[in-house]
Amino acid sequence: GESQAVLVKLATVAPEGSLWMEGMRRGAEEIRKRTEGRVQIKLFGGGVMGNENSVLRKIRIGQLQGGAFTAGGLSNVCPDLRLYGLPMVFHSFDEVDHVRARMDKVLVGEMEKAGFVSFGFGEGGFALLMSNEPVRSLKDMKGKKVWIPTDDRISEVAMKHLGLSPVVLPITDVLTGLQTGLLDIVATSPIGAISFQWHVKTRYITDAPLAYIFATLVIDKRVFDKLEPGDQNILQEVMTRIYQEFDRQNRADNQAALEALVKQGLQVVKPDDEELALWRRKAEEVNLGLEQEGAFAPARYRELQGHLADFREK
Amino acid sequence: MIPAIILFLLALLGVPLFVIIAAAALWGFHGSGIDLSVVAIEIYRIAETPVLLAIPLFTFAGYLLSESQAPQRLMRLTQSLIGWLPGGLAIVSLGVCAAFTAFTGASGVTIIALGAILYPAMEEAGYPQKFNLGLVTTSGSLGLLFAPSLPLILYGIVAQQMNLGQPVAIEDLFLAGIFPGLLMLALLSLWSIWSNRTHRIPLRQFNWREVGSSIRTAAWELPLPIFVLGGIYGGFFAVSEAAAMTALYVLVVEVVILREIPLRRLPGVMRKSMVLVGGILVILAVSLASANYMIDAGIPNRLFEIINAHVTSRLTFLILLNIFLLLLGALLDIFSALVLVVPLILPVAVGYGIHPVHLGIIFLANMQIGYLTPPVGLNLFISGYRFKKPISEVYWSTLPFFLILLCSVLVITYWPALSLVLLD
Amino acid sequence: MASESTQGLLSRLRRIGVMIEDTLLILFLSLMILLACGQIVLRNFFSIGLVWADGLLQISVLWLGLLGAMAASRDDNHINIDVLTRFCPEGLRVPIRLLSYLFTAVVCGILAWQSFQFVQSEYTFGTTGVGKYPIWIFQSILPIAFGLISYRYVLNFFVLLRGTRREEKDNQ
Ligand code: NA
Ligand code: NA
């Protein structure tokens with residue numbers, strides 16, 4: 001009937017009590033008030049609904065109506081989400097901003113085709129190398145044990161192409177692995193480093209953006225379509241606003257986290273321009289290889305490169 | 001309510017536990033109007049949980065050792081070293097189990113892998129069988145407070161992300177766990193000495209020659225811990241890979257070098273140990289589903305709200321916290337409980353002036369004995385299954401150990417300095 | 001007689017089933033040890049990391065667990081609590097066990113059916129895993145295992161039922 005409330009259950013790996021959850025809670029409350037209780041949002045934090053594959057399965061059977069996903073988590077259903085996260089496509093946050101202003105809409109459209117309504121993207125920052133010996137060049141990484149997570153296709157291809165030997169371990173093994181010397185090098189964003197406390201066991205951080213990390217909040221389109229248009233607008237407006245706030249806030253937080261890492265004694269090193277150019281060339285070869293595998297639509301990759309070329313010309 | 005009572009009765013009448021838990025989950029999801037294939041999705045999470053890999057591997061290694069002459073050799077060695085100390089073997093067993101659990105987590109694998117060796121060894125040394133059963137069952141979750149236990153690390157990660165204003169360093173948790181963990185070990189050791197005071201296990205004279213010869217007979221088993229710890233701290237493999245190396249080492253020693261288990265008997269041992277693993281994993285699998293039903297229905301939150309409504313002071317908070325966590329330890333696995341409940345209780349605890357690191361130790365200490373709380377502590381079932389004892393016997397044997405651990409949990413809870421003294 | 005030839009067929013099926021089950025258990029455990037240790041050797045001596053190995057190892061935990069659970073069902077050797085039956089009068093024990101077998105068969109039947117739907121949905125959505133293979137292949141053990149456990153408990157039920165009938169006849 002008309003007065004029937006729609007329950008929207010959303011899952012995320014962000015822990016309860018985190019800024020993300022607190023922001024989402026406020027949004028849920030606002031939506032409940034403004035739709036006069038017709039849309040009720042229930043949040044499950046901390047990954048209690050399982051990993052992203054499990055959450056996706058649970059959306060299909062209707063236990064959940066949506067969730068926050070990283071690009072990797074949704075790339076099976078929407079391959080083009082891989083684009084922003086490809087190795088070294090972006091050189092700076094300015095480039096990110098330029099491209100995202102033009103392409104976020106495109107990716108949101110792709111997700112809609114895959115059956116998900118997305119409310120935009122939340123930045124997670126750039127993944128940076130953290131290590132016990134300074135890493136300024138590819139040579140510095142040769143023979144070192146570099147961690148990559150289980151079943152991460154992009155990292156795997158990249159490592160193979162660079163001739164490096166990855167150590168594949170679950171994330172729970174990383175901290176002790178860094179301590180015992182099982183791992184020499186890991187990559188994560190400054191925020192990630194602090195929350196996993198990897199900075200305690202590393203000494204150097206390489207200031208070269210390896211890959212752009214981001215997440216998106218999606219709701220099952222079948223559920224969204226059932227809402228009255230007015231309620232759809234409210235949901236869309238509030239969620240989009242919250243995600244834009246996260247997006248901005250996270251950039252500041254990552255900057256602050258990097259400063260905190262430096263204050264705690266981590267030393268920032270940087271590859272020189274020539275070396276950086278080499279890394280980027282290698283990365284592009286990796287990306288072309290992934291394109292041939294069908295990891296994303298070639299046309300979209302060209303589109304992204306086109307925007308980047310425009311920006312770099314200016 | 002009525003389905004719950006029926007299921008409870010069916011459980012007492014001997015229906016397999018995994019069937020009871022699965023039925024409860026199916027019934028719960030059915031009531032919530034959720035597609036029942038969610039139960040299959042949850043069961044499949046067994047294949048998405050890396051820590052479970054250790055269960056089959058350690059179980060197999062433990063089975064191999066128990067089928068060889070290793071228990072007798074190790075018993076002879078400990079007797080020659082500490083046979084002069086009353087309760088000596090029991091104390092050593094407690095220490096070894098605690099160390100093992102610190103590395104493997106508390107999934108019951110300690111009971112299966114080490115219990116299989118210690119249980120017969122202690123019986124041979126003359127300890128009463130009821131005592132042995134209680135000790136081995138208890139030791140399955142002992143050591144959760146010692147580094148590098150995964151739940152300690154996970155608590156640190158969860159607490160770190162909560163913007164408490166004070167950092168919760170994993171290193172601090174490692175330090176904070178030392179004395180509370182030692183307290184548990186010390187009290188259990190005292191109990192071992194006291195409860196065996198009337199059974200006159202003949203004390204032995206210390207004899208260097210006997211020590212030397214017993215070391216020589218155990219020359220292949222003794223290097224195992226050094227091999228594994230050396231491998232981990234030498235950076236050759238990860239904590240999660242220790243199980244595989246242990247299995248390989250034991251296989252090579254008992255089958256190839258000592259040949260106490262002939263090759264033709266190996267398939268039989270493999271099969272037997274994996275049937276045991278199946279019995280346990282299928283319970284863990286359906287528990288994921290039942291826990292997910294409870295999470296979906298928001299039961300832990302409601303339980304916490306009820307309890308929180310009665311909190312008036314720091315003291316009532318701590319008392320109710322203990323009750324809440326004991327209940328929870330029986331309902332949820334430790335990892336779900338961590339991510340689900342720590343965010344609920346931590347802000348309240350900090351509000352009452354409880355140090356977040358201290359709360360972590362309280363939390364894990366409670367969860368640890370949640371594995372032993374009758375009627376539904378998982379370790380009780382695993383132990384009964386492994387040693388083929390009726391569950392009521394396991395309850396009675398474990399009770400004194402459980403009460404001692406309960407005392408230490410109270411001490412840990414109400415004496416913060418015990419946890420915090422090593423921190424700056 | 002027809003029923004006897006059916007029984008012969010059933011017992012032959014049972015023997016073949018048991019053999020397959022045991023072989024698979026042993027194979028999976030060996031594979032698990034080899035793969036897990038092989039990974040360590042490859043990493044330390046040849047600087048090679050296998051990206052798919054962890055996924056395959058975790059799948060084998062699932063397979064081992066379910067195959068083991070199937071084997072445990074053969075002679076109703078599952079973890080249970082069983083504190084009331086001890087105090088039950090002799091005459092009630094068989095009916096209680098019959099009830100227990102039947103209940104187990106029904107619940108496992110439901111689990112098998114739901115698992116089948118889960119696998120079917122994964123097939124439809126073409127999810128991949130362990131490298132690039134369709135994941136439903138690895139998941140297919142779920143409906144098979146619960147289906148066979150259910151079947152075993154139906155057998156247990158009828159064996160016990162027939163056993164008691166025969167006993168009653170003998171007593172008369
Ligand atoms: Na769970
Ligand atoms: Na559980």
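The numbers here are math on the coordinates, done by the rules we state, and not lab data. No experiment lies behind these values; they were computed from the predicted model shown. Cβ: placed from backbone, ideal geometry, glycine included. Neighbour counts: every protein chain shown.
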Share, in percent, of DSSP beta bridges within the protein assembly as shown that are antiparallel, nearest 5: 60
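Give, to the nearest whole percent, the P(r) tail of chain B beyond 38 angstrom, counting all Cα pairs.
That tail contains 22 percent of the Cα-Cα pairs.
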Estimated 222 nm signal from helices in the protein assembly as shown, with DSSP H stretches of n ≥ 4 weighted -39500 (n - 2.57), rounded to 500: -21500 deg cm²/dmol
Helix B:266-296 vs. chain B, principal-axis angle (Cα, 0 to 90°, nearest 10): 10
Residues of the stretch C:118-136 with amide N under 19 Å of a point placed 7 Å along Cα→Cβ from A:Q292: C:132
Rounded to 10°, Cα long-axis angle of helix B:2-12 versus longest principal axis of chain B: 10
Alpha carbon centroid spacing (whole Å) that separates the stretch B:237-292 from the stretch A:154-168: 32
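Given 25 °C and 0.890 mPa s, compute D for the stretch C:2-171 with the Stokes-Einstein relation, Rh being the Kirkwood radius over Cα pairs; round to the nearest whole µm²/s. Working shown, then result.
Working: Rh = 19.0 Å.
For the chosen part, D equals 129 µm²/s.
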Span from the the stretch C:105-125 Cα centroid across to the the stretch A:224-269 one, whole angstrom: 39
Sites B:R259 and B:R209, calculated FRET efficiency, Cβ-Cβ separation with R0 30 Å, nearest 0.05: 0.65
Where a label projected 7 Å from the Cα of C:L31 along Cα→Cβ would reach, residues of the stretch B:42-61 with amide N under 15 Å: B:47
Degrees between helix C:141-171 axis and first principal axis of chain C (Cα, 0 to 90, nearest 10): 20
Theoretical FRET efficiency, 1/(1+(r/R0)^6), r = Cβ-Cβ of A:Q255 and B:I226, R0 56 Å, to 0.05: 0.75
Within the stretch C:2-171: Cβ-based charge dipole about Cα centre, in debye rounded to nearest 20 (Lys, Arg +1; Asp, Glu -1): 160
